[in-house]
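I have placed the structure first, in the form of structure tokens, so that the comments after it can refer back to it.
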Amino acid sequence: MIQNNYQGALQHPIGTGFNAQSTTTDVIKGIHLDGRIAIVTGGNAGIGLETTKTLAAAGATVIVPARDVEKAKKNLEGIANVEIEAMDFMQPASIDAFADKFIASKRPLHLLINNAGIMWVPFRKDDRGIESQLATNYIGQFHLTAKLWPALKQANGARVVNVSSLGHHMSPFNFDDPNFQHSTYETLQAYGQSKSASNLFAVELDNRARQYNVRAYSVHPGSIAGTELAREASVELFKKMGFLDEQGNMRPEVLASLKTVLQGAATTVWAATSPALDTIGGVYCEDGDIAELISSDPSIPSKAKLHKSGVQQYSLDENNAKRLWNLTESMTGIRFEL
């Protein structure tokens with residue numbers, strides 16, 4: 001029996017019946033989370049907010065670490081079973097402070113949803129000197145998960161869900177120059193490699209953690225209307241990507257492909273809670289199911305199409321995953337010993 005998802009060995013849809021139109025209400029139906037504790041980074045806006053609402057409504061206690069605590073309080077007002085704490089992925093010391101406080105509470109952690117992310121940003125660095133998209137979309141995930149590991153293990157049945165993206169198709173991880181020290185910064189390339197890194201982290205974490213009854217997943221939520229992800233993007237960039245026509249209007253085919261926030265959060269919630277994944281880990285999911293593999297081997301059939309759906313095999317590669325784990329420990333000074 002195949003135990004890990006290296007090279008996409010487990011990357012096959014399992015026929016859940018869910019699709020791109022499925023919502024959080026659909027995937028959580030019949031699932032009760034009473035007594036479970038969840039952490040949702042970025043859980044006060046966009047699909048993170050919907051994830052928080054859904055898990056809390058199902059009975060979980062949800063902790064939301066937020067960069068802007070006052071904004072989080074406003075957005076989460078009136079939602080039961082929610083705790084708000086300060087944390088900023090661009091400030092490693094704040095990750096440590098948040099994790100230390102949670103570990104000190106001696107509570108188990110059943111669900112860690114690494115949802116926080118940025119995109120389409122200009123070149124900037126975090127307090128460690130790491131490019132901001134890599135720092136937020138991947139390094140922060142690694143750092144937080146490592147610090148919370150004792151609580152995940154304590155749960156004896158935990159899941160870690162990394163919110164990745166189809167954007168990983170735009171670039172594999174650049175081991176030679178991840179911080180653009182020797183090449184011109186390209187925001188979409190930076191985003192792509194950060195999401196490839198998130199996929200590699202999930203597949204490697206799952207392989208190392210499953211013996212402790214902790215499973216890990218990466219998910220593509222879809223292209224979603226009504227989030228803050230594009231707040232720093234220019235009109236020219238959207239034109240370059242083909243989202244807008246020359247007049248600056250969104251192309252009809254793009255508009256038709258957008259998900260609602262309830263649909264966008266569905267795969268995260270499904271990966272975090274579905275019994276269908278009890279014995280499967282390390283997989284990349286989309287549209288409420290395990291995604292198709294885009295293989296470098298032309299003999300392997302797939303319905304997935306480049307830049308449309310599916311997961312790139314390079315973001316599930318065993319050598320890449322182990323190499324990235326070691327590099328991340330070196331870049332951060334954090335030893336993630338399981």
Q. How much accessible area per residue does segment 6-332 have, in Å², with a 1.4 Å probe?
A. 42 Å²
Q | Under 20 Å from the Leu258 label point (7 Å along Cα→beta-carbon), backbone N, segment 141-170 | A | 165-167
Q: Nearest 5 is fine: what % of DSSP beta bridges in the chain come out antiparallel, could you say?
A: 15 percent
Q.
Taking the alpha-carbon distance from Lys308 and a cut-off under 16 Å, which lysines remain once sequence neighbours fewer than 8 residues away in the same chain are dropped?
A. Lys195, Lys259
**Q.** Principal axis dimensions, largest first and in whole angstrom, of segment 1-152 by Cα
**A.** 44, 42, 33
Q: Set Lys and Arg Cβ to +1 and Asp and Glu Cβ to -1, take the dipole of the chain about its Cα centre, and tell me which of Pro301, Thr279, Ser22 lies farthest positive.
A: Thr279
Q. Given a 1.4 Å probe and every protein chain left where it sits, what share in percent of the accessible area of the chain is carbon and sulfur?
A. 50 percent
Q: Can you give me the span-like helices of the chain, meaning DSSP H runs with 30 Å or more of Cα extent along the axis and Kyte-Doolittle mean at or above 0.5?
A: none
Q) Mind checking which aspartates and glutamates have their C-alpha under 20 Å from Lys73, skipping anything on the same chain fewer than 8 residues away? A) Glu50, Glu83, Glu85, Asp88, Glu228
Q | Label of the coordinate-derived value, semi-axes √(5λ) of the Cα gyration tensor in Å, listed as (1) 45, 24, 14; (2) 111, 20, 14; (3) 26, 23, 23 | A | (3)
Q | Neighbour net charge for Gly17 - beta-carbon separation under 14 angstrom, K R +1, D E -1 | A | -2
Q: Could you tell me the accessible area of Phe102 in Å² (1.4 Å probe, neighbours in place), rounded to the nearest ten?
A: 10 Å²
Q. If exposed GluC sites (Glu not before Pro) are those in a DSSP loop with at most 14 other Cβ within 10 Å, what is the longest stretch of the chain that has none?
A. 78-185
Q.
Can you compute the helix-only [θ] at 222 nm over the chain? Use -39500 (n - 2.57) per DSSP H run of at least 4 residues, normalise by all residues, nearest 500 deg cm²/dmol.
A. -10000 deg cm²/dmol
Q.
List the lysines whose Cα sits under 18 Å from the Cα of Lys74, skipping any in the same chain fewer than 8 residues away.
A. Lys53
(Q) At R0 = 25 Å, how high is the FRET efficiency between Lys29 and Ala86 if r is their beta carbon distance? Nearest 0.05 is fine. (A) 0.15
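The values are calculated or read from the model by the stated rules, or taken from the named source; none is laboratory data. All values reported here derive from a predicted model rather than from experimental measurement. FYI the Cβ positions are ideal-geometry reconstructions off the backbone, even for glycines, and counts take in every protein chain you see. Just so you know, the surface numbers come from the protein's heavy atoms only, side chains and all, with ligands and any DNA or RNA stripped out. Shrake-Rupley method; radii C 1.70, N 1.55, O 1.52, S 1.80 Å.
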